[in-house]
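The structure appears below as structure tokens.
The values are calculated or read from the model by the stated rules, or taken from the named source; none is laboratory data. Just so it is clear, the model here is predicted, and its values are computed rather than measured. Cβ atoms come from the backbone with ideal geometry, glycine included; neighbour counts cover every protein chain shown.
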Amino acid sequence: MSRKMLGLAVAERSMIAVEVVAVGGQYRAVRAATFVYPDQASLDSPAQLGKAIKQFLRAEGFSARRCVIGLEAKWLMAREKLIPPGSDDSLVGILSIQAEREFTSDYAELVLDYVGPIDTHQGRQVLLVAASGQHVQQLRALAAEAGLKPAAITATTMALADSSDPADTDDYLLLHLTPDGAELAVRSGGSVRLLRRLSVAIAQDDSSDAAGSWMNDLAGQLRRVISLLPDPPDAEGKRQLHVWNRAGLDEESLDALAEQISAKAKLCESSADVDLAGVSGIATADAAVAACLGAAGLRGQRLGVDFLHAKLAAPTQRAVGKRSIQIAAGLVAAVVICILLLLHWTRTQHEVDALAKQITKMAPSVSKTQDIVERIRFARPWHDRQPTYLDCLRDLTMTFPIEGIIWTTSLTIQEDMQMVFSGKAVNEEAVLDVLDKLKDSPAFSQVRQMYLREAGKGQSEIAFAIAAHYSGPITK
């Protein structure tokens with residue numbers, strides 16, 4: 001851990017810088033100075049202001065490069081939130097929802113952190129604190145330009161409240177008076193539970209009338225805040241009021257302020273844990289404010305709020321890169337293709353449904369047709385598979401005369417189309433005529449007469465038998 005740390009209390013037009021070193025467990029401020037911004041430089045131009053700060057630090061002899069930056073409360077938004085009982089694991093989720101509701105318009109542009117929770121008589125309370133993301137980025141850029149490395153960015157008044165004297169009570173109000181305003185923090189239960197920027201214009205006029213006017217205004221605002229706090233722990237019914245007086249008020253005015261708000265006032269001009277004896281050329285109260293920031297960084301403990309390491313980060317807008325555009329385009333194309341496929345499938349499904357209905361209507365006709373097909377299939381072998389037998393019978397019949405003077409009584413046809421048929425005729429001439437026609441026909445071959453004789457005694461018919469080979473149908 002670094003043995004020296006730079007505390008920077010940043011205001012709108014100036015900055016207090018104090019370098020703190022750790023020696024034997026004690027913290028000591030070794031140099032301090034106030035830097036007033038050049039006329040042409042501001043926090044809105046971090047590069048220009050950072051260069052000016054770098055020259056200032058070199059000229060004043062600052063050597064620390066790590067720093068803790070403290071912000072005024074006017075740049076922050078703080079809200080006290082009551083949360084339901086629950087585990088710490090669910091705390092971030094609960095606060096994220098509440099923060100989004102609280103800072104609806106600019107939630108995404110904020111850096112958020114929180115303090116707590118602490119137990120109060122009303123329940124568990126958390127202090128939600130938000131800073132502008134742009135402002136935080138400007139401070140980081142400013143530090144980088146000045147050659148510094150920020151360890152934390154916090155609220156200056158909260159750092160003062162956390163650096164109280166251990167001998168003091170842990171429940172008190174801290175009033176931080178600056179040359180241009182007033183800030184209030186309420187410490188209770190070991191942490192800060194309230195942070196406010198009071199709308200008070202501190203008069204630079206030393207007249208009693210001017211001082212009395214803004215002091216009365218300040219007292220009125222303090223009373224309104226105190227009225228909302230729980231009963232004071234003090235036995236006398238008075239609250240402790242710690243005043244960091246950087247506005248130059250005298251003790252008499254501060255006592256009068258404490259009397260108006262029924263509080264016990266304590267003037268704070270130096271930090272209890274930082275030795276400021278080694279610094280000069282700057283008001284002790286001013287040096288103590290920045291010294292508290294430096295000491296907080298050296299202690300290595302997490303500050304009440306730290307916008308560099310926020311526990312509750314709002315979503316940030318990211319630049320869209322070329323790769324992201326390509327992925328997005330691919331996703332869009334995939335979605336379009338899916339839609340087209342869905343439309344095509346829907347149209348096809350409609351067609352399928354229509355055809356299914358048509359098939360249902362045609363079912364009776366199809367059944368009848370199927371019966372016809374089965375019958376044709378059953379009869380087809382007689383024509384498609386064995387037509388030669390029919391052709392043989394036809395060609396054989398064509399050789400017989402139509403007068404009926406010759407006829408067959410038996411016919412045998414083998415698989416190789418060898419056939420033998422026998423019959424009777426009224427005379428031999430009819431048999432010989434058929435025999436000649438068979439021999440002359442190209443459809444038959446190997447034609448021979450097997451016998452030719454009288455059919456029997458007392459009969460006039462002639463019996464015959466002829467063998468032949470059927471070669472195939474006669475083509476016409």
Practice task
Taking the options Q446, Q459, name whichever one is of a type in the set (S, T, N, Q) and in a strand (DSSP E or B).
Solution key: Q446
Practice task
Please go through segment 177-198 and pick out each residue that is exposed (fewer than 14 other Cβ atoms within 10 Å of the Cβ) and at pLDDT 75 or above.
Solution key: P179
Practice task
Find all pairs meeting these conditions: Cβ atoms under 6 angstrom apart; at least six residues apart or on different chains; first residue within segment 328-348 and of a type in the set (K, R); second residue surrounded by fewer than 10 Cβ atoms within 10 Å (Cβ to Cβ) and not in a helix (DSSP H, G or I).
Solution key: none
Exercise for the section: Kindly indicate which of D255, D286, D275 is in contact with a strand residue (DSSP E or B) (Cβ under 8 Å, 6 or more places away or on another chain), surrounded by 20 or more Cβ atoms within 10 Å (Cβ to Cβ) and among the charged types (D, E, K, R). Expected result: D286
Practice task
Quick one: count up the residues across segment 424-443 that are out of contact with any Pro (no Cβ under 7 Å at 6 or more places or on another chain) and assigned to a loop (DSSP other than H, G, I, E, B).
Solution key: 4
Problem - Yes/no for G70 being assigned by TED's automatic domain parsing to the domain that holds T157, surrounded by fewer than 22 Cβ atoms within 10 Å (Cβ to Cβ) and under 23 Å from L293 (Cα atoms) - result: no
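To keep it simple, each residue is scored yes or no on (1) at pLDDT below 85; (2) on the phi > 0 side of the Ramachandran plot; (3) aromatic (F, W, Y); (4) in contact with a Pro (Cβ under 8 Å, 6 or more places away or on another chain).
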{"site": "G24", "(1), (2), (3), (4)": "yes, yes, no, no"}
{"site": "Q40", "(1), (2), (3), (4)": "yes, no, no, no"}
{"site": "S45", "(1), (2), (3), (4)": "no, no, no, no"}
{"site": "R58", "(1), (2), (3), (4)": "no, no, no, no"}
{"site": "V68", "(1), (2), (3), (4)": "no, no, no, yes"}
Exercise for the section: Examine segment 305-316 for a residue that is outside any helix (DSSP H, G or I), among the basic types (K, R) and either free of Cβ contacts under 8 Å to residues at least 12 places away in the same chain or more than 28 Å from S14 (Cβ to Cβ) (or both), and state whether such a residue exists. Expected result: yes
Fill in the blank from the handout: Across segment 250-304, the tally of residues that are within 53 Å of the chain's Cα centre (by Cα) and either assigned to a strand (DSSP E or B) or more than 28 Å from F35 (Cα to Cα) (or both) stands at 8
Exercise for the section: Please find, within segment 10-36, the residue that is nearest to A73 (Cα to Cα) out of those that are among the small types (G, A, S) and assigned to a loop (DSSP other than H, G, I, E, B). Expected result: A11
Handout entry: Answer residue from segment 13-50, given it is surrounded by 17 or more Cβ atoms within 10 Å (Cβ to Cβ) and of a type in the set (K, R) and is nearest to L298 (Cα to Cα) among those
Key = R28
Exercise for the section: Taking the residues in segment 376-400 that are modelled with pLDDT of 80 or more and not hydrophobic (A, V, I, L, M, F, W, C) as candidates, determine which candidate is farthest from V431 (Cα to Cα). Expected result: T388
Problem - Residue under evaluation R224, criteria (1) modelled with pLDDT of 75 or more; (2) surrounded by fewer than 15 Cβ atoms within 10 Å (Cβ to Cβ); (3) of a type in the set (K, R); (4) in contact with a His (Cβ under 9 Å, 6 or more places away or on another chain), criterion not met - result: (4)
Completion exercise
Only unsatisfied item for S14, checking (1) out of contact with any Phe, Trp or Tyr (no Cβ under 8 Å at 6 or more places or on another chain); (2) of a type outside the set (A, V, I, L, M, F, W, C); (3) free of Cβ contacts under 8 Å to residues at least 60 places away in the same chain, is (1)
